[in-house]
1. Hey, with R₀ at 35 Å, roughly what FRET efficiency would Ser207 and Ala275 work out to, going by the Cβ-Cβ distance, to 0.05?
2. May I have the extent of the alpha carbons of the chain along their three principal axes, as whole Å values ordered from largest to smallest?
3. In whole Å, what is the distance between the alpha-carbon centres of region 21-83 and region 171-222?
4. With all protein chains present, how much of the accessible area of the chain (probe radius 1.4 Å) comes from carbon and sulfur, to the nearest whole percent?
5. Given region 228-293 reduced to its alpha-carbon atoms as identical point scatterers, what log10 I(q)/I(0) does the Debye formula return at q = 0.12, 0.24 Å⁻¹?
6. With the contact rule set at Cα under 8 Å and sequence spacing of 6 or more, what percent relative contact order holds for region 91-193?
7. Which is farthest toward the positive dipole end of region 83-122 among Ala107, Gln91, Leu118, measuring Cα position about the Cα centre, with Cβ charges +1 (Lys, Arg) and -1 (Asp, Glu)?
8. Quick check: from the Cα gyration tensor, does region 96-240 come out rounded (a/c under 1.5), prolate or oblate?
Amino acid sequence: MLLAFADEHALAQALARELRCELRLVGEHRFPDGEIKLTLPAALPPRVVVLRGLQHPNDRLVELLLLAKTARTLGAQRLTLVSPYLAYMRQDIAFRPGEAISQRIVAGFLGELFERVLTIDPHLHRIASMDEVMPGSRSVAITAAPLLGRWIAAQWPAATPPLLVGPDEEAAQWVRAAGEATGLEGVVCRKTRHGDRDVDVELPAGSITGREVVIIDDVASTGHTLLQAARALRDRGAASIDVAVVHALFGGDAIDRLRHGGVRRVWSTDAVPHASNVVSVAPLLARAIADCA
Ligand code: R5P
């Protein structure tokens, strides 16, 4: 059985179709003071997959606590969490004494609730693999970059492919994976982050003039990383600038600012529901669930 929430219904339906399993929605009531009440199916099979992306993570972590503990009392013995976007992965060290290392704490919390946690392109910066974050082979991370790469490649004639641009050093892995799947060439920028909404992005040397480019990244949140990359590309004479991300968080007016900053099209996977979704991760997730759940 696949358990999901109404606000992720589209991906849940696609996933249930791929898995050929029953989909049930979790009922949710918000009390006036913000507390959450969940209602699960009254009886659960031994093996249950839970779909819950961790965009807007704070409430959703409470949902998962309530859900997993309740599911155990209703018959579930093996719980797999499919969290296409896994939050709290960026704070992986204490930059200053006293800071919480959120990545380890949140991963540990989920590891205690679920036998397996499956995610897509988690933001691992100073960490080599999810196994370091959630030891004991309890987590599986898959990449959607080849899917995005194939989508991008299909938008251009084979004779005039676009150039992939990673906006920061961590994006090198997505540029590489998308390039390996399609043959598209790519370059990677250097980013300096000064604050939540304050980044500098520096393009590498080499000619961009007249090139059609696609900036590819794992996650867009405020959109400032993409915006600064787009500015740098525009200044260097790019003929067109499109954007493709795995996780379209896009808070506030991020999309409008990107359009004003010269970005022509914004594409994303449906790992996070968003108007820019063009590629479904459901088949990818279904294969990974079949392998590990
Ligand atoms: C971090 O390096 C990530 O890969 C993204 O580039 C970053 O999280 C995007 O955040 P924002 O959209 O707020 O610049």
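The values are calculated or read from the model by the stated rules, or taken from the named source; none is laboratory data. Just so we're clear, the structure is a prediction, and the values are computed from it rather than from any experiment. All Cβ positions, even for glycine, are placed from backbone atoms using ideal geometry, and neighbour counts span all protein chains on display. Calculation scope for accessible area: heavy atoms of the full protein, side chains included, ligands and nucleic acids excluded. Shrake-Rupley method; radii C 1.70, N 1.55, O 1.52, S 1.80 Å.
1. Numbers: r = 34 Å, r/R0 = 0.96.
Efficiency, rounded to the nearest 0.05: 0.55.
2. Computed over the Cα atoms, the extents are 62, 47, 39 Å.
3. With region 21-83 and region 171-222 each reduced to a Cα centre, they are spaced 36 Å.
4. Working: 6740 of 13300 Å².
Heavy-atom surface of the chain belonging to carbon and sulfur, 1.4 Å probe: 51 percent.
5. -0.41, -1.00
6. Here the relative contact order equals 20 percent.
7. The residue sitting farthest along the positive end of the dipole is Gln91.
8. Details: a/c = 3.04, a/b = 1.58, b/c = 1.92.
Since a/c reaches 1.5 but b/c is at least a/b, the shape of region 96-240 is classed as oblate.
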